[in-house]
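The values are calculated or read from the model by the stated rules, or taken from the named source; none is laboratory data. As the structure is a prediction and not an experimental result, all values here were calculated from the model. Here the Cβ is made from the backbone with ideal geometry for all residues, glycine too, and neighbour counts use every protein chain on show. SASA here: full protein model, heavy atoms, side chains in, ligands and nucleic acids out. Shrake-Rupley method; radii C 1.70, N 1.55, O 1.52, S 1.80 Å.
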Amino acid sequence: MNPQEIQNAAAVMREAWGLVHGRAPNEGELLYSLVVARLESSFGRGWKGEMASSNNWGAVQCGQAAIAQGAQCIAWQDTHPDGRKYDVGFRKYASPVEGAADVVRNLTKQRPSVWEVMKAKGPLADFARAMRVERYYGGFCPNATKAGGRFSYGKPKSPAEEACHEEAIRGYVRGTQKSLVEIASALGMTP
């Protein structure tokens with residue numbers, strides 16, 4: 001992704017922060033919001049088929065509450081951590097700003113410990129840990145599973161789940177480190 005595309009995405013994300021919080025994001029809030037949007041959907045442009053016009057920046061699914069509130073949803077598939085596919089609805093938004101705003105809401109209003117790391121511009125590992133504990137992602141843990149570990153979603157409840165939890169966090173950090181550096185560089189910030 002070139003620097004101009006990242007700068008354009010940052011402009012959308014800043015507008016989204018204004019909609020959700022009535023203010024511009026600080027550096028940590030902006031960087032981590034963009035890292036998530038880049039990983040989940042390439043700033044809403046990584047979808048294929050009907051989802052290509054969804055403006056869904058965070059791979060936000062349609063839960064019952066969203067459907068009850070009249071959210072537009074597109075039937076799609078996602079993947080469980082064990083590789084099995086499942087049918088699910090993903091949100092569709094009227095504009096990129098609305099899709100980015102839902103990323104902001106998901107990271108801040110719905111996940112306060114994630115927001116604390118973002119505000120502090122904490123280490124990427126702390127961000128990944130908070131995201132997993134607050135159930136934004138499940139991740140994958142094939143090595144831990146082979147060694148007797150057990151997948152858990154959110155905070156682990158046993159030593160068998162802890163190994164999987166830690167492997168999933170390390171995978172998230174590996175999967176986002178390059179994007180964090182690239183985004184920060186394009187915006188003249190320090191990752």
Those residues of the range 171-181 that are open to solvent by 30 Å² or more (accessible area, probe 1.4 Å) and among the hydrophobic types (A, V, I, L, M, F, W, C) come to a total of 2
Per the filter on the range 80-129, residues of a type in the set (Gly, Ala, Ser), assigned to a helix (DSSP H, G or I) and open to solvent by 10 Å² or more (accessible area, probe 1.4 Å) are Ser113, Ala120, Ala125
Give the residues of the range 3-24 that are in contact (Cβ under 8 Å) with a residue 40 or more places away in the chain and in a loop (DSSP other than H, G, I, E, B), sorted by residue number.
none
Being farther than 23 Å from Pro191 by Cβ, of a type in the set (A, V, I, L, M) and touching a helix residue (DSSP H, G or I) at 6+ places or on another chain (Cβ under 7 Å) is the filter here, so list the residues in the range 93-128 that pass it.
Val97, Ala101
For Arg38, state whether it is under 22 Å from Arg135 (Cβ atoms), out of contact with any strand residue (DSSP E or B) (no Cβ under 6 Å at 6 or more places or on another chain) and not in a helix (DSSP H, G or I).
no
Within the range 69-77, is even one residue in contact with a Lys or Arg (Cβ under 9 Å, 6 or more places away or on another chain), without any contact (Cβ under 8 Å) to a residue 60 or more places away in the chain and open to solvent by less than 50 Å² (accessible area, probe 1.4 Å)?
yes
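Just to be sure, is Gly46 surrounded by fewer than 17 Cβ atoms within 10 Å (Cβ to Cβ), free of Cβ contacts under 8 Å to residues at least 60 places away in the same chain and part of a helix (DSSP H, G or I)?
no
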Of the residues in the range 49-79, how many are among the small types (Gly, Ala, Ser), assigned to a loop (DSSP other than H, G, I, E, B) and over 22 Å from Ala10 (Cβ atoms)?
3
Can you tell me which of (1) modelled with pLDDT under 95; (2) surrounded by fewer than 20 Cβ atoms within 10 Å (Cβ to Cβ) is the one Ala184 doesn't meet?
(1)
Looking at (1) among the hydroxyl-bearing types (Ser, Thr, Tyr); (2) over 15 Å from Gln177 (Cα atoms); (3) buried (at least 16 other Cβ atoms within 10 Å of the Cβ), can you tell me which one Ser53 breaks?
(3)
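Conditions (1) of a type in the set (D, E, K, R); (2) more than 22 Å from Ala130 (Cα to Cα); (3) at pLDDT below 95, marked per residue:
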site	(1), (2), (3)
Ala10	no, yes, no
Leu31	no, no, no
Gln64	no, yes, yes
Ile74	no, yes, yes
Val104	no, no, no
Lys109	yes, no, no
